[in-house]
Amino acid sequence: MSKRVAVVTGANKGIGLAIVKGLCKAGFKGDILLTARNEKLGQDAVAGLHSEGCKNVIFHQLDICDQGSSLKLKKFLEEKYGGLDVLINNAGIAFKNAAKEPFGEQAEVTMRTNFWGTLWVCYALLPILRPNARVVNVSSFVSKKSLDKCSPELQAQFRNKDLAEEELCLLMGQFVQAAQAGDHQAQGWPDTAYGTTKIGVTVLSRIQARVITETRPGDGILLNACCPGWVRTDMAGPNATKSPEEGAETPVYLAMLPEGAKEPHGQLVWDKTVQEW
């Protein structure tokens with residue numbers, strides 16, 4: 001049996017770093033790969049964790065917006081571990097409220113990271129999941145609030161249990177095009193790039209879970225989206241209500257669901273509780 005391994009994306013600071021620390025403290029048996037775009041920031045984060053006693057943390061470079069980078073990570077995992085046991089897709093971005101960039105640009109950049117980047121990591125790594133693997137896509141409660149602001153037609157599409165991944169990708173592309181044309185609200189979209197990308201992440205998780213159930217029914221793999229809450233990070237600012245450690249609690253809980261657990265699966269989970277979608 002190869003050594004177990006977990007991967008956390010965007011993990012050199014904030015919630016990602018707290019998730020790595022949380023996995024370590026929860027007793028994850030195996031190596032934890034802390035990934036980040038910037039090698040120095042990632043190595044520094046690993047050194048800090050080692051000094052706190054988290055000796056099973058290793059750095060691996062990963063830029064989720066670079067499909068080649070995800071494929072390099074896949075090759076490394078296959079050669080060193082023979083598969084993957086835990087994947088936590090945490091990496092994401094949000095423009096500040098005071099950002100000067102045009103909304104269309106904000107929509108494209110945010111979508112590229114939060115939705116397409118997450119999807120590309122999944123394309124690379126979901127095929128090497130071992131039986132009883134756990135996948136956690138970090139979404140947001142903003143996805144639910146943004147869904148409620150969509151037109152009834154869009155809401156129906158996003159809640160459709162049979163929506164295909166290709167259809168979701170088309171919808172995400174349509175939002176960016178509408179945002180660039182300046183008529184996204186007229187087309188029924190909410191006025192938030194971040195929120196719309198997180199609708200994509202939540203719905204993608206529902207689709208991925210359904211496909212895993214269909215294609216690997218006996219393997220015990222669980223895949224969910226989660227909301228860490230409003231967390232004090234560079235993204236959310238200093239006034240948020242939760243510490244990074246508190247924000248990491250739900251992702252770590254989902255990653256450590258015991259073997260034999262049947263649920264949650266394909267859900268949006270917040271404070272360890274399944275949310276209505």
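The values are calculated or read from the model by the stated rules, or taken from the named source; none is laboratory data. None of the values given here were measured: they were computed from a predicted structure. Here Cβ is always computed from backbone atoms with ideal geometry, including for glycine, and neighbour counts include all displayed protein chains. Just so you know, the surface numbers come from the protein's heavy atoms only, side chains and all, with ligands and any DNA or RNA stripped out. Shrake-Rupley method; radii C 1.70, N 1.55, O 1.52, S 1.80 Å.
Say we look at the stretch 9-26 and pick out the residues that are touching a Gly at 6+ places or on another chain (Cβ under 6 Å) and not β-branched (Val, Ile, Thr); which of these is surrounded by the most Cβ atoms within 10 Å (Cβ to Cβ)? Full working, then the answer.
Filtering the stretch 9-26 down to residues touching a Gly at 6+ places or on another chain (Cβ under 6 Å) leaves 10, 12, 15-16.
Next, only the ones that are not β-branched (Val, Ile, Thr) stay: 10, 12, 16.
Details: Gly10: 26, Asn12: 24, Gly16: 28.
Among residues in the stretch 9-26 that are touching a Gly at 6+ places or on another chain (Cβ under 6 Å) and not β-branched (Val, Ile, Thr), the one surrounded by the most Cβ atoms within 10 Å (Cβ to Cβ) is Gly16.
Is it fair to say Ala248 is modelled with pLDDT under 95 and small (Gly, Ala, Ser)? It is true that Ala248 is modelled with pLDDT under 95 and small (Gly, Ala, Ser). No other residue among Leu168, Leu125, Leu147, Leu119 is open to solvent by less than 60 Å² (accessible area, probe 1.4 Å), assigned to a helix (DSSP H, G or I), in contact (Cβ under 8 Å) with a residue 24 or more places away in the chain and in contact with a Gly (Cβ under 7 Å, 6 or more places away or on another chain) apart from Leu168.
Quickly run through the stretch 27-72 and pick out the residues that are open to solvent by 40 Å² or more (accessible area, probe 1.4 Å), outside any loop (DSSP other than H, G, I, E, B) and among the polar types (S, T, N, Q). Selection gives Gln43, Ser51, Gln61, Gln67.
One residue alone among Gly200, Gly182 is touching a residue at least 60 places away in the same chain (Cβ under 8 Å), out of contact with any Ser or Thr (no Cβ under 7 Å at 6 or more places or on another chain) and on the phi > 0 side of the Ramachandran plot, and that residue is Gly182. Select from the stretch 250-276 the residues that are charged (D, E, K, R) and within 20 Å of Lys144 (Cα to Cα) and write down the one among them that is surrounded by the most Cβ atoms within 10 Å (Cβ to Cβ). If we take residues in the stretch 250-276 being charged (D, E, K, R) and within 20 Å of Lys144 (Cα to Cα), then Asp271 is surrounded by the most Cβ atoms within 10 Å (Cβ to Cβ).
Just checking, which of Val136, Val142, Val203 is modelled with pLDDT under 95, under 20 Å from Val274 (Cα atoms) and touching a helix residue (DSSP H, G or I) at 6+ places or on another chain (Cβ under 8 Å)?
Numbers: Val136 fails: modelled with pLDDT under 95; Val203 fails: modelled with pLDDT under 95.
Testing whether each residue is modelled with pLDDT under 95, under 20 Å from Val274 (Cα atoms) and touching a helix residue (DSSP H, G or I) at 6+ places or on another chain (Cβ under 8 Å) leaves just Val142.
The set of residues from the stretch 19-48 being more than 22 Å from Cys226 (Cβ to Cβ), aliphatic (A, V, I, L, M) and either touching a residue at least 12 places away in the same chain (Cβ under 8 Å) or touching an Asp or Glu at 6+ places or on another chain (Cβ under 8 Å) (or both) comprises Leu41, Val46. A count restricted to the stretch 1-14 and to residues that are touching a strand residue (DSSP E or B) at 6+ places or on another chain (Cβ under 7 Å) and either at pLDDT below 95 or part of a loop (DSSP other than H, G, I, E, B) (or both) stands at 6.
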